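Here the structure comes first, spelled out in structure tokens, and everything after it is commentary.
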Amino acid sequence: MTEMLPDKVRRISQHLRPNTRLINYYWQRTQRNKLAVCGLAFIIFLVALALIGPFFTLDPTAANFEEKNMPPFGFTIEQSIYNIETDEYTTKEISGTCEHPLGTDSKGRDMLAMIVSGARVSLLVGLIATGIAIILGTIIGVLSAYLGGWVDNALMRFTDIMMTFPFFLLLVLIIFIFGPSLAFIVLAIGLTGWTGIARLIRSESLSLRTREFIVAAKALGASDNRVIFRHLIPNVISLIIVIATLSIPGVILAEAALSFIGLGDPTVPSWGIILEAGQYSLNTAWWVAVEPGIMLFLTVLAFNFLGDGLRDAFDPKSNV
Amino acid sequence: MNNAILKVNDLKTYFFTSRGIVKAVDGVDFELRRGECLCLVGESGCGKTVTALSILRLFDSPPGKIVCGKISYDGLNLTRCSSKQIRQIRGKDIAMVFQEAQSALNPVLTIGDQIIEQIKLHLPLDHSMARDRAITLLSEMGIPSAERVMSYYPHQLSGGMKQRVLIAMSLSCDPQILIADEPTTAVDVTIKAQILDIFRELKARRQMSTLFITHDLAVVAEIGDRAAVMYGGKDVETAPVSEIIENPKHPYTSGLIECLPDTSKSTGRLASIPGATPNPIQMPQGCAFHPRCPKVMKICRRQEPPETTISKEHKVSCHLYT
């Protein structure tokens, strides 16, 4: 009987799925969600825009009062112009030009250039702040779950205390104290945003910690470090990816909201800053506020779609 | 042949929980001799697994704690040595095979990654040497196209293959002692026979000393040299396997043997031991087995039975023989 069996095993093993790396498998599962693919496509477009766009656009800081408040290409608006010599208002029709396809703002700066460099800032804010939050949250969550006992208690009570502060008010407070520089804004968002992540990672790690393969790894002589980095964290990576994707839009929005209430870094043209400047000229030049608004909307939507798709792909119980 | 490689003396492992002290292991004595297969037998919850985990100190602490006892291996008391020492012993000198291969393998790493990692941890080999060793081991365990299996993830293998991988992994650093915690429980009968073959071969070829934990007396009869029957955290009877099967002394052991279905007598209900294993927080007074014992006497309710020697190799803890 034992002679026959390897043969049988061989036959069974031929029926196994072709060997694919896990990442391919998850990519195939993500692909089945069309919205997620659209989201990913938009994010790739955005990243490309942020990386190479500024080399092709006009200087986003060059003011030109001759060409202020020009509408986007294809739009025509009536503008009243004050003539200082005759002391009269005259109305003049202005149409958008190819030179400024998205129009200009009240200082005559090219909107396309501003949107493109704004993408750079907003994405950078999103990635770095989320990165800080994820790293902090993962370290605290994993340590808390793995070490347990008083370490767990101390870390989780600290997390609870952090969570009792309203997130946005805390941000406002930090920026009031340290001043509205972009570095501080990013740092502040990162340092306040890890609490929920730590909780999620902890609960996931807690259930992993008692799984047999962790005990088995220890039984084969693995040190704590090894167990954490080789066995625990790789098993929460999927969760980390999903959390990261879903928290990037939150961070971008938080930065935009801060800018909108006047606490943004005025020296860096993020979408929030452009939007904030545009709100005062909604009557005369609606595009200044609407364009960054649309970009924010699409970006947040894209990240959320992708995040949802990834979550379904990583969840073995979902049938995508 | 009669030299002990691992000696467990009066081991007590308690779990201090909020509901009370769980005396999972409460005074276990046995020795594992070089090249033999010793079976720890007993129902669920009698402390077999905790005994095994105590040897490598793998239970969660707190709440678990070895309150007393001695586990000697190679002149070392494993209950006392530093956590660094025990880490070097784990996998290198004493390896463990777990019950469920599915959950004992890390789902996000390939089989190769896991075995190679394990080999590199204990042996001074580089990556390609470790890889070769892993492939050799896997083929030795009867895994076809071992090289391909190296790049598989656990979920791509069948239960029996996973169990083989697990055994290969625990053997990867030539351990002196193999602890197998119910390795045949989670697989079907044909695979079970193959796994038992592997263990038998290990004993024959490598003179592996194996501590085999099982609740299945049929398995014990298949591969065991000696058996220690555990009940309520204690070892109640220790004897060579043939003695245990043919001449059981402890009423619990004979109960277990009567429970085995006898195919020559095809009629009637299967025998069973009435009742269930005692609550480990509140062990019965006296002999832990007395509420279920068919031969219970007055003294059993009051006094714990001492260990009695039936013959040189046969020891039992029961008032019937004192």
Subset tally (residues that are buried (at least 18 other Cβ atoms within 10 Å of the Cβ) and not in a strand (DSSP E or B)) for segment B:289-321: 8
- prompt: Taking the stated definitions as given, is A:M163 assigned to a helix (DSSP H, G or I) and either modelled with pLDDT of 90 or more or within 14 Å of another protein chain (Cβ to nearest Cβ) (or both)?
  reply: no
Which listed residue is out of contact with any helix residue (DSSP H, G or I) (no Cβ under 9 Å at 6 or more places or on another chain) and of a type outside the set (A, V, I, L, M), from B:Q156, B:Q85: B:Q85
field: Test: A:G307 is touching a residue at least 24 places away in the same chain (Cβ under 8 Å) and either within 14 Å of chain B (Cβ to nearest Cβ) or in contact with a Phe, Trp or Tyr (Cβ under 9 Å, 6 or more places away or on another chain) (or both)
entry: no
statement: Within segment B:234-283, residues being surrounded by fewer than 22 Cβ atoms within 10 Å (Cβ to Cβ), at pLDDT 85 or above and among the small types (G, A, S) number 3
statement: Conditions (1) of a type outside the set (K, R); (2) part of a loop (DSSP other than H, G, I, E, B); (3) crowded, with 20+ Cβ neighbours inside 10 Å -> B:V220 fails only (2)
query: Just for helices (runs of 4 or more DSSP H) wholly inside segment A:170-275: which have at least 1 residues that are under 30 Å from B:I94 (Cβ atoms) and hydrophobic (A, V, I, L, M, F, W, C)?
result: A:194-209, A:212-219, A:233-260
- line: Residues in segment A:174-214 that are modelled with pLDDT under 85 and within 14 Å of chain B (Cβ to nearest Cβ) total 4
message: If a residue must be in contact with a strand residue (DSSP E or B) (Cβ under 6 Å, 6 or more places away or on another chain) and more than 12 Å from every other protein chain (Cβ to nearest Cβ), how many such residues does segment A:221-271 contain?
response: 0
field: Out of B:L40, B:L58, sole residue that is touching a residue at least 12 places away in the same chain (Cβ under 8 Å) and within 30 Å of B:Y153 (Cα to Cα)
entry: B:L58
- prompt: Considering only residues of segment B:118-165 that are within 25 Å of the chain's Cα centre (by Cα), within 9 Å of another protein chain (Cβ to nearest Cβ) and farther than 17 Å from B:Q194 by Cβ, which is surrounded by the fewest Cβ atoms within 10 Å (Cβ to Cβ)?
  reply: B:H122
message: Could you go through segment A:115-122 and let me know if any residue there is surrounded by fewer than 21 Cβ atoms within 10 Å (Cβ to Cβ), in contact (Cβ under 8 Å) with a residue 60 or more places away in the chain, within 14 Å of chain B (Cβ to nearest Cβ) and on the phi < 0 side of the Ramachandran plot.
response: no
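The values are calculated or read from the model by the stated rules, or taken from the named source; none is laboratory data. As the structure is a computational prediction, the values presented were derived from the model and not from experiment. Cβ coordinates were reconstructed from backbone atoms using ideal geometry, including for glycine residues, and neighbour counts include every protein chain displayed.
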